[in-house]
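Visitor: For reference, the structure I am asking about is given below.
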Amino acid sequence: MPLPNAYAQYNNSKVLTASPAELTMMLYDGAIKFCNMAIVAVENKDIQKAHTNITKTERIIDYFRQTLDMKYPVAEDFDRVYTYLNQRLVEANIKKDKEILEEVNQHLRTMRETWREIIKKNKESGV
């Protein structure tokens, strides 16, 4: 079996067996990865690649917004954060602004680390 096929099967299996919390972590990782790729593309003046990766980051954040359970008050806070991040990404895409992308990436990293801690505490408490 060729190596790329084995890697694709491994990734597919990883997604199919992941818990909802782990899937959320994977989405944060993806958003951060695409944002990093957009930063590099802006530095290299690769406008199309920057646009493509900013758009991928926006789609993940849009997904987070769409899946918020608004019956919980904290969801409104997350909605405001995700709305802000998407607005900043649109601005970064228009201006091809590396600093805005770095700001968004920092917020995403903070949110990912918070999520990581929540997963860890839930595993420790047996939830």
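Visitor: Please check the chain for the longest run free of trypsin sites (Lys or Arg not before Pro) that are loop-located per DSSP (anything but H, G, I, E, B) and have at most 15 other Cβ atoms within 10 Å. Kindly include the intermediate steps, with their values, before the conclusion.
Guide: Details: sites that count: 45, 71.
Looking at the chain, 72-127 is the longest stretch - no exposed trypsin sites (Lys or Arg not before Pro) with at most 15 other Cβ atoms within 10 Å.
Visitor: Which of 50, 31, 18 moves the most in a Gaussian network model of the chain with Cα springs under 10 Å?
Guide: 18
Visitor: Another one. Over the chain, with the other protein chains present, what is the accessible area per residue in square angstrom, probe 1.4 angstrom?
Guide: Ligands and nucleic acids excluded, the figure is 66 Å² per residue.
Visitor: Right, something else. Report the calculated FRET efficiency for residue 120 and residue 46 (r = Cβ-Cβ distance, R0 = 25 Å), to the nearest 0.05. Could the numbers behind the result be given before it?
Guide: Working: r = 37 Å, r/R0 = 1.49.
E(calc), rounded to 0.05, equals 0.10.
Visitor: Quote the accessible area belonging to residue 19 in square angstrom, nearest 10, computed with a 1.4 Å probe and with ligands, DNA and RNA left uncounted.
Guide: 50 Å²
Visitor: Sticking with this structure for a sec: Gain in length, residue 65 to residue 19, computed as 0.36 nm per residue apart minus the alpha-carbon separation, to one decimal in nm?
Guide: Numbers: separation 46, 0.36 × 46 = 16.56 nm, distance 1.90 nm.
Length difference between fully extended and current span is 14.7 nm.
Visitor: Quick one: 3J(HN,Hα) in Hz for the range 80-97, Karplus 6.51/-1.76/1.60 with θ = phi - 60°, rounded, Gly and Pro as x.
Guide: For the range 80-97, the Karplus-derived couplings read 5, 5, 5, 4, 4, 4, 5, 4, 5, 5, 4, 4, 4, 5, 5, 8, 6, 9 Hz, x marking Gly and Pro.
Visitor: From the phi of every residue in the range 72-78, what ³J(HN,Hα) in whole Hz does the Karplus formula 6.51 cos²θ - 1.76 cosθ + 1.60 yield, where θ is phi - 60° and glycine or proline is x?
Guide: Going residue by residue, I get 9, x, 5, 4, 5, 5, 5 Hz, with x marking Gly and Pro.
Visitor: Something else about it: Kindly provide the helix-only [θ] at 222 nm of the chain, computed as the sum of -39,500 (n - 2.57) over DSSP H runs of four or more divided by all residues, to the nearest 500 deg cm²/dmol?
Guide: Numbers: 5 runs with 110 residues, N = 127.
Theoretical 222 nm ellipticity from helices: -30000 deg cm²/dmol.
Visitor: Evaluate the charge dipole of the chain about its Cα centre and quote only its size in Debye, nearest 20, assuming +1 on the Cβ of each Lys and Arg and -1 on the Cβ of each Asp and Glu. Could you put the intermediate results ahead of the total?
Guide: On the way: 19 positive and 18 negative charges, 59 e Å.
It comes to approximately 280 debye.
The values are calculated or read from the model by the stated rules, or taken from the named source; none is laboratory data. Just so it is clear, the model here is predicted, and its values are computed rather than measured. No Cβ is skipped: glycine too gets one built from the backbone with ideal geometry, and neighbour counts run over all protein chains shown. For the accessible areas, the whole protein counts, side chains as well, though only heavy atoms, and no ligand, DNA or RNA atoms are used. Shrake-Rupley method; radii C 1.70, N 1.55, O 1.52, S 1.80 Å.
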